[in-house]
Amino acid sequence: MSEPMVTRCAIAGGGPAGMMLGYLLARAGIDVVVLEKHADFLRDFRGDTIHPSTLQLMHELGLLDAFLARPHQEVRHVRAQFGDTLLDVADVTHVPTVTKFLALMPQWEFLNFLAENARRYATFHLLMETAVTGLIVERDVVVGVETRTKGGPLEIRAGLVVGADGRSSTVRAAAGLAVQDIGAPMDILWLRLSRRPDDPEQVLGRIDFGKMLVMLDRGDYWQCAYVIPKGEFDAVRSGGIEAFRAQIAALVPWVSDRLAELRDWDDVKLLTVKVDRLREWYRPGLLCIGDAAHAMSPIGGVGINLAIQDAVATANLLYPAFTRGVPTIVDLRAVQRRRVFPMAVIQAIQVAVQNRFLTPLLNVKTKMKPPWYLRLFAALPVLHRIPGYIVGLGPRPEHVRTPDASA
């Protein structure tokens, strides 16, 4: 084994939470190492919805113009189709932020952008193809991580370890942190279909005959999420790829001429939806944030933005502790106290939507008509601002409070 690496903060996971926290700490002059197990960020089926709250943070960091130069689509009004009826369901043009739209951007663009800007700081270190395999614990305090790299095992010693490695977090499992499973009644099948210039405008959700499909405009293709009941992937797959294509064609007839692009089940990826949370996000020397602390449903596309808000709050609250030495258990507890409220509110909304709205609609096996309450909601545009605010800004938006050490 090579000589141990030493840093102030080791972050497991190069996703939105890990990269944002790494950027903010390095920007403030704190030595930080971000550990990403893959060789790059090029994975298709990740959250792509950048909300006004995140765009506001980019503005506060002076990065907004450069960020929006990356490939993206802008959505100001969210629309959904129920059978043959198209309804407006959310309006984000009234949120109190500099930008008043959702930016649909491939997550690899977002992560590469953060990495490129973070590398301007000498205190930022990004180790790709470096998988965390365990924790180093001394006298019941986490003092580092064990990793696997291309060159073999590498031990990284750190004043603080942050688990930002997602809903299947190695860090939280190794730490033995107790997880409360809230449950989700659905899973998602991700797929892509080519997009053509004469395709209809983007409508995020389509529900009909008890089926639901979400389509995200990626420029030259559609990234699609097909909703299935929890644990039903094997049953769907046993029906054959032709039957699956027919189900999509019934929902979106105008893609029928390109469904042959789904050659077999290798072109369909399963996302097992989880909604859970840690009872405690920390132990001495360790903190979990983002999906590692609270896995979110894809409803509303808020997971990436909630994770980024976690990262900003973590940097704001722990920066003073790093200037004094090592964050204490009191400092780590303060992060959970700050972020548990917005997490709990969003999870409660997601559970209510999935249990009281989506599940009943997905049990309707006939031609879909919007329920009366949705028709009433759609008829009163001022009400569209409520989900626009919840999705676009959230119950407790964070703002950058850490300094720029290079300024």
For segment 70-78, indicate whether the set of residues that are part of a strand (DSSP E or B), touching a Ser or Thr at 6+ places or on another chain (Cβ under 6 Å) and modelled with pLDDT of 90 or more is non-empty.
no
Count of segment 269-306 residues which are of a type outside the set (S, T, N, Q), under 19 Å from Asp48 (Cα atoms) and open to solvent by 10 Å² or more (accessible area, probe 1.4 Å):
13
Starting from segment 81-108, keep only residues that are under 21 Å from Arg206 (Cα atoms) and among the charged types (D, E, K, R), then list their pairs with residues that are open to solvent by 30 Å² or more (accessible area, probe 1.4 Å) and not in a strand (DSSP E or B) whose Cβ atoms are within a distance under 6 Å, requiring at least 6 positions of separation or different chains.
Asp91/Arg385
Of the residues in segment 76-113, those that are within 30 Å of Met368 (Cα to Cα) and in contact with an Asp or Glu (Cβ under 9 Å, 6 or more places away or on another chain) number 13
Kindly indicate which of Glu201, Glu242, Glu232 is under 19 Å from Asp264 (Cα atoms), free of Cβ contacts under 8 Å to residues at least 12 places away in the same chain, surrounded by fewer than 16 Cβ atoms within 10 Å (Cβ to Cβ) and of a type outside the set (Gly, Ala, Ser).
Glu242
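Does Ile228 qualify as being at negative phi and at pLDDT 95 or above?
In short, no.
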Matching residues, segment 155-191, being surrounded by 19 or more Cβ atoms within 10 Å (Cβ to Cβ), assigned to a strand (DSSP E or B) and not β-branched (Val, Ile, Thr):
Ala158, Gly159, Leu160, Gly163, Met186, Asp187, Leu189, Leu191
Of the residues in segment 71-103, how many are under 21 Å from the mean Cα position of the chain (by Cα), closer than 22 Å to His399 by Cα and among the hydrophobic types (A, V, I, L, M, F, W, C)?
5
Which residue is farthest from Asp31 (Cα to Cα), if the candidates are limited to segment 317-336 and must be part of a helix (DSSP H, G or I), of a type outside the set (A, V, I, L, M) and open to solvent by less than 60 Å² (accessible area, probe 1.4 Å)?
Gln336
Where Ser297 falls short, out of the listed (1) assigned to a loop (DSSP other than H, G, I, E, B); (2) more than 22 Å from Thr359 (Cα to Cα)
(2)
Quick test of your reading of the structure: Arg339 fulfils all but one of (1) surrounded by 14 or more Cβ atoms within 10 Å (Cβ to Cβ); (2) in a loop (DSSP other than H, G, I, E, B). Name the failing condition by number.
(2)
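The values are calculated or read from the model by the stated rules, or taken from the named source; none is laboratory data. Predicted, not measured: the structure shown is a model, and the values here were computed from it. Don't worry about glycine lacking a Cβ; one is built from the backbone with ideal geometry, like all the others, and counts go over all protein chains shown. SASA here: full protein model, heavy atoms, side chains in, ligands and nucleic acids out. Shrake-Rupley method; radii C 1.70, N 1.55, O 1.52, S 1.80 Å.
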